[in-house]
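Report on one structure; see the data block that follows.
What follows draws every value from the coordinates through simple rules; no lab data is involved. It should be emphasised that the depicted structure is a prediction, and the values quoted were computed from it without experimental measurement. All Cβ positions, glycine included, derive from the backbone under ideal geometry; neighbour counts span all protein chains shown.
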Amino acid sequence: MISEGLILAAAGAILGVALGHGVVAAAVASFDRLQEIGLTAWRFEPAEAWIVLAALIAGALAALIPALRVFGVDISRTLARAA
């Protein structure tokens with residue numbers, strides 16, 4: 001359950017960073033002034049790694065809450081009540 005949260009968080013973070021760079025590329029293509037000041041979509045800043053790390057931590061914490069709730073459930077008793 002926690003690994004699913006990490007996978008979703010990683011996918012969201014990577015897609016978010018890629019989308020952000022895509023928006024910057026479109027903006028640079030549309031506005032000449034952005035090219036003049038040296039803005040480029042293909043330069044990755046070290047701070048972006050912190051964004052991905054923060055997303056992974058948030059995903060792990062978000063997945064941890066339901067995982068802890070399920071950890072204390074007696075599966076055999078739950079299945080016996082359902083049948």
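Each 10 Å bin from 0 upward holds the following percent of the Cα-Cα pairs of the range 40-83: 22, 25, 21, 16, 10, 7, 0. When you filter the chymotrypsin sites (Phe, Trp or Tyr not before Pro) in the range 17-83 for DSSP loop state and at most 14 other Cβ atoms inside 10 Å of their Cβ, you are left with 31, 42, 44. With helices as the sole contributors, the chain gives -27000 deg cm²/dmol at 222 nm; each DSSP H run of n ≥ 4 counts as -39500 (n - 2.57), and the sum is divided by every residue. Simple rule: put +1 on each Lys or Arg Cβ and -1 on each Asp or Glu Cβ in the chain, find the dipole, and look at 59, 30, 10; the Cα lying farthest toward the positive end is 59.
The charge dipole of the range 11-81, taken about the Cα centre with unit charges on the Cβ atoms of Lys, Arg (+1) and Asp, Glu (-1), comes to about 480 debye, rounded to the nearest 20. What is the diffusion coefficient of the range 2-82 in µm²/s, taking the Kirkwood radius over Cα pairs and the Stokes-Einstein relation at 25 °C with a viscosity of 0.890 mPa s? In µm²/s, the coefficient is 158.
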